[in-house]
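Notes to accompany the following structure.
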Amino acid sequence: MDRIIYLDHAATTYTKPEVLKEMLPYFTEIYGNPSSVHSYGRETRKALDLARERTAKALNADPAEIIFTSGGTEADNLAIIGTATANKKKGNHIITSSIEHPAALHSCQYLEKNGFQVTYLPVDEYGLIDPQDVKEAIKENTILISIMTANNEIGTIQPVREIGAIAKEKGVLFHTDAVQAVGSIPIDVKDMNIDLLTLSAHKFYGPKGVGALYARKGVRLNHISHGGAQERNRRAGTENLPAIVGLGKAIELATQDIEARNEKLRALRDRLISGILSSVEYTRLNGHPTKRLAGNSNFSFEFIEGEALLLSLDMKGIAASSGSACTSGTLDPSHVLLAIGLPHEIAHGSLRLTLGDENTEEEIDYVLEVLPQIVQRLREMSPLFNQDKGGKIYV
Ligand SMILES: *Cc1c(COP(=O)(O)O)cnc(C)c1O
């Protein structure tokens, strides 16, 4: 294989040519500020409105409920910090899970340092949250529940509709980080009782640095940065118009034929999973066997280091991820893998392979050819494996 086999779609995707094509004029020809009253401004305002309509349609929301942001991270911050501070009079308790993305987790930790209480719900061995646990965690002073739709490391899809129904019944706001879910599972904010939802364009073949927060009409939200009155006075700063146009086109494409695309992804993913589990011993699949994103696979290989595995795969032209915080320069094992009960040493030997629309069966077969050899070679160098050969397997 002389080209790179990209299996890191949960980290980011390329921008589809149709998306880029719609963006390009907004850099050079149609550059007015959408807040300007002249004709240039009106033209960009129209483009902004269209992107908002497309985004709303993809979620079954109203265009006025869409706030464009600089990405998923900012949308999570705005949802969690913005609603918490705006609803402080009602209470100061927030419920979230132990496997959220750092954008949500760290927003909660920030609030904890500023007088809020946070309950971090546990997950089961598959990474699932029990809606009953959510219900039992709700107190008099609970103002927000923030649970992700699908996990970025292990792909587990949460029972969002059930959690939404509980939140609605109890009169508590419900936010979901759907960055991994948009374009992969159908989203209907009304049917799912979602009050706030985070999405990010670069996870569904749109550009980086742009995302959106859906905030249901009537949800009180404070600014997290201060300035002009853009986005109906909910997010200050001149709109990143080319990127927003790209988000609008990308979400339209990504939500059009989800089932057909998933069918193809699932077939490739299952070929990859069964191929790896049958050819590499002392290996486990992390995440739920069925309630998982169509493009997600995540494995733990005993006796080896995920980082060494990534480097070896890279040398063979395969772009993968350990799915852990290692990528951010720390050597701590992933908080998600620890939360599903993996011991540290096994969490360290993990590999996330996330598939996308352009992957082929031929690419999967190439991975199935080289990966077992790499694991074998790394294990032969591992003192742990030699001591404990044929020993325990953690499943
Ligand atoms: C990528 C990701 C984010 C962050 O989005 P950015 O646009 O990169 O800031 C947040 N949550 C989840 C689940 C993600 O996968």
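Within the stretch 24-41, the residues that satisfy the criterion of being hydroxyl-bearing (Ser, Thr, Tyr) and surrounded by 15 or more Cβ atoms within 10 Å (Cβ to Cβ) are TYR26, TYR40. Take the conditions in contact with a helix residue (DSSP H, G or I) (Cβ under 9 Å, 6 or more places away or on another chain), within 20 Å of ALA181 (Cα to Cα) and assigned by TED's automatic domain parsing to the domain that holds ALA47 and apply them to GLY248. Does it pass? So GLY248 passes the test. Against the list (1) more than 27 Å from THR28 (Cβ to Cβ); (2) within 15 Å of the ligand (Cβ to nearest atom), the condition ARG235 fails is (1). Restricting attention to the stretch 113-131, does a residue exist that is away from the ligand (no atom under 16 Å from the Cβ), in a helix (DSSP H, G or I) and at pLDDT 95 or above? So far as the stretch 113-131 goes, yes, one or more of its residues are away from the ligand (no atom under 16 Å from the Cβ), in a helix (DSSP H, G or I) and at pLDDT 95 or above.
Looking at the structure I just gave you, is ILE80 under 17 Å from the mean Cα position of the chain (by Cα), in a loop (DSSP other than H, G, I, E, B), among the hydrophobic types (A, V, I, L, M, F, W, C) and within 16 Å of the ligand (Cβ to nearest atom)? I'd like the intermediate steps shown before the answer.
Values: under 17 Å from the mean Cα position of the chain (by Cα): yes; in a loop (DSSP other than H, G, I, E, B): no; among the hydrophobic types (A, V, I, L, M, F, W, C): yes; within 16 Å of the ligand (Cβ to nearest atom): yes.
The answer is no for ILE80.
Across the stretch 244-272, the number of residues qualifying as closer than 30 Å to TYR31 by Cβ and not β-branched (Val, Ile, Thr) comes to 9.
What residue, among those in the stretch 69-97 that are closer than 23 Å to GLY287 by Cα and among the β-branched types (Val, Ile, Thr), is surrounded by the fewest Cβ atoms within 10 Å (Cβ to Cβ)? Ranking the qualifying residues of the stretch 69-97, first place goes to THR96.
Restricting the search to the stretch 98-111, which residues are within 12 Å of the ligand (Cβ to nearest atom) and crowded, with 19+ Cβ neighbours inside 10 Å? Give the steps one after another, and end with the answer.
First, the residues of the stretch 98-111 that are within 12 Å of the ligand (Cβ to nearest atom): 99-107.
Within the stretch 98-111, ILE99, GLU100, HIS101, ALA103, ALA104, LEU105, SER107 qualify.
Step by step: first the residues of the stretch 7-50, then only those that are within 16 Å of the ligand (Cβ to nearest atom) and either of a type outside the set (Ser, Thr, Tyr) or not in a loop (DSSP other than H, G, I, E, B) (or both), then the one that is farthest from ASP314 (Cα to Cα). Which residue is that? Steps first, answer last, please.
If we filter the stretch 7-50 for residues that are within 16 Å of the ligand (Cβ to nearest atom), which is where we start, we get 7-15, 19.
In the following step, the residues that additionally are either of a type outside the set (Ser, Thr, Tyr) or not in a loop (DSSP other than H, G, I, E, B) (or both) were identified as 7-11, 19.
Details: LEU7: 11, ASP8: 12, HIS9: 15, ALA10: 17, ALA11: 16, VAL19: 28 Å.
My answer is VAL19.
The values are calculated or read from the model by the stated rules, or taken from the named source; none is laboratory data. What you see is a predicted model, and the numbers here were worked out from it, not measured in a lab. Note that we place each Cβ from the backbone using ideal geometry, even for glycine, and neighbour counts take in every protein chain shown.
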